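Quick notes on the structure that follows.
The values are calculated or read from the model by the stated rules, or taken from the named source; none is laboratory data. Keep in mind it's a predicted model, so treat the numbers as computed, not measured. All Cβ positions, even for glycine, are placed from backbone atoms using ideal geometry, and neighbour counts span all protein chains on display. Ligands, DNA and RNA are stripped out before the accessible areas are found, and what is left, the full protein with its side chains, is counted by its heavy atoms. Shrake-Rupley method; radii C 1.70, N 1.55, O 1.52, S 1.80 Å.
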Amino acid sequence: MLLVRRRTLKKVTFCLFLAFGGFLCWYISHVVQLSFLRSYRVLEYQGELQELAMVMSNASSPTNIFSTTQSSDKLKHHKTTLITTTSCGRPYFLLVVVSSAPYNAQRRRDIRLTWGVDSDLNSRWKTVFLVAQTRNRTESEALLQEGETFGDLIRADYYDDYWNQTLKIQMAFEWASKYCQFSFLLKMDDDVFVNTRALISLLKNPKTPRENLYTGKVHEHAKVIRHGKWQVSENEYNGTFYPPFCPGFGIALSPDVVDKFVGLFDVVPRFRLDDVYIGLLANKTGVKPIHNRNFEVWPNKKNRCRFISSTLVRHTVTGDCLFKVYNEMLSYLSAVKG
């Protein structure tokens, strides 16, 4: 009986050993597999970044304009929160400055892959992104990598917030005025499609003013709202109506107007509605905004993701919708050339 019990115990011990060994092998292989998948995803993401960087370098050989170690001698001469001090590198016909939140990396990537980069050897336009600071460490590190990879981030030393957009406008205009040469500037948001070729054609038209140009979808007699999200107190603005202004999703300016606006930053108090602030600057300088109905702020839902050749700038176009409109534009241009 004792011999039988010993044999049974040996069998149970052997089975348990086999079971533990099998579990150990499965666990090791599972950990290795997870580690491989994680490494693959990192490499896949890095490959995507490198591919995007190659697209941009083939288009216009961008200069790295992101740096956290700027010269204090240069920074003290800035009137705004601007950090970036590197220049555009060469003159451009159109300089596009895009207001973007730190976490909107996907939107910036999509713009780089669509209308944002001019693939011609002698690039006609350059696109940069206006990005402030973030309290999120992961986002901050990602911005550092993005800036080093693409060289198209214009940075400021304030923390990004919806009501801080005027600070973004100011630092954008100062950077453009001080560090770039351009024939026209387009200020826009990162949820916008731009028909860059059509816009450049319009700006090259002899009828388009080369000076004192401030154009977009003009809002006339916009009433000051005293309640709700857009409320403004009488202490902030005591008028009943704002001066004419263009919504900030898309505004085209001549360089002399940009220079005039920068010169008034110390004169016209900062206003938390950024597009109204530009209208206040224009009113102060006597620049009259020119209405253009092809700047579409709230496009018809049926047409929002369709390419229309007359469209210059269209608001609320992102993701798949952006790629659809862009690809339709390419097909249209190919058909016209053919």
*3J(HN,Hα) from dihedral phi, the range 122-130, Karplus parametrisation 6.51/-1.76/1.60, rounded to Hz, x for glycine, proline*: 9, 4, 8, 9, 10, 10, 10, 10, 8
*asked:* For the range 155-179 and the range 196-228, what is the centre-to-centre distance using only Cα atoms, to the nearest Å?
replied: 20 Å
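Work out the length of the dipole vector of the range 114-258 about its Cα centre, built from +1 on the beta-carbon of each Lys and Arg and -1 on the beta-carbon of each Asp and Glu, and round it to the nearest 20 debye. Don't skip to the end; give the middle numbers.
On the way: 16 positive and 19 negative charges, 113 e Å.
In total the dipole reaches around 540 debye.
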*Over 32 Å between Cα atoms, which of LYS217/LYS337; LYS168/LYS337; LYS178/LYS229 qualify?*
LYS168/LYS337; LYS178/LYS229
*Could you sort out which of LYS126/LYS223; LYS126/LYS302; LYS79/LYS187; LYS187/LYS223 sit more than 27 Å apart by Cα distance in this structure?*
LYS126/LYS223; LYS126/LYS302
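Using a probe radius of 1.4 Å on heavy atoms only, what accessible surface per residue do you get for the range 230-338? Whole Å² is fine.
Numbers: 5650 Å² over 109 residues.
Ligands and nucleic acids excluded, the figure is 52 Å² per residue.
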_Vicinal HN-Hα couplings computed from phi for the range 322-336 (Karplus, 6.51 cos²θ - 1.76 cosθ + 1.60; Hz; Gly/Pro x)_ = 4, 5, 5, 4, 5, 5, 5, 5, 4, 5, 5, 5, 5, 5, 5
*Farthest toward the dipole's positive end in the range 190-332, which of ILE308, GLY250, ASN283, given Cβ charges of +1 (Lys, Arg) and -1 (Asp, Glu) about the Cα centre?*
ILE308
_For ASP152, distant residues with modelled amide H under 5 Å away_ = ILE65
*Where the centre of each part is set by its Cα atoms, how far does the range 107-143 sit from the range 253-304, in angstrom?*
22 Å
*Taking the alpha-carbon set of the range 116-201, what are its Rg and Dmax in Å?*
14.2, 43
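Probe radius 1.4 Å, ligands and nucleic acids left out: which of THR318, THR215, THR138 has the largest accessible area, and how do the rest follow? Each step should come with its number before you reach the end.
On the way: THR318 50, THR215 15, THR138 100 Å².
These residues rank, largest area first, as THR138, THR318, THR215.
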_Solvent-accessible ranking of PHE323, PHE173, PHE265, largest area first, probe 1.4 Å_ = PHE323, PHE265, PHE173
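Per the 1.4 Å probe, what fraction of the accessible area of the range 71-223, in percent, lies on carbon and sulfur atoms? Intermediate values should be presented prior to the final figure.
Numbers: 2990 of 6460 Å².
Answer for the range 71-223 is 46 percent, counting heavy atoms of protein chains only.
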*Report P(r) for the range 221-338: all Cα-Cα distances, bin width 10 Å, range 0 to the bin holding the largest distance, values in whole percent.*
11, 33, 28, 20, 7, 1
*List the residues whose amide H sits under 5 Å from the amide H of ILE290, counting only those 5 or more places along or on another chain, with H placed 1.01 Å from N in the peptide plane.*
TYR214, THR215, GLY216
_How much length would be gained if the chain were fully extended between ASN235 and LYS204, taking 0.36 nm per residue of separation minus their Cα-Cα distance, in nm to one decimal?_
6.9 nm
*Where q = 0.10, 0.11, 0.17 Å⁻¹, what log10 of I(q)/I(0) comes from the Debye formula for the range 91-245, counting one point per Cα?*
-0.44, -0.53, -1.13
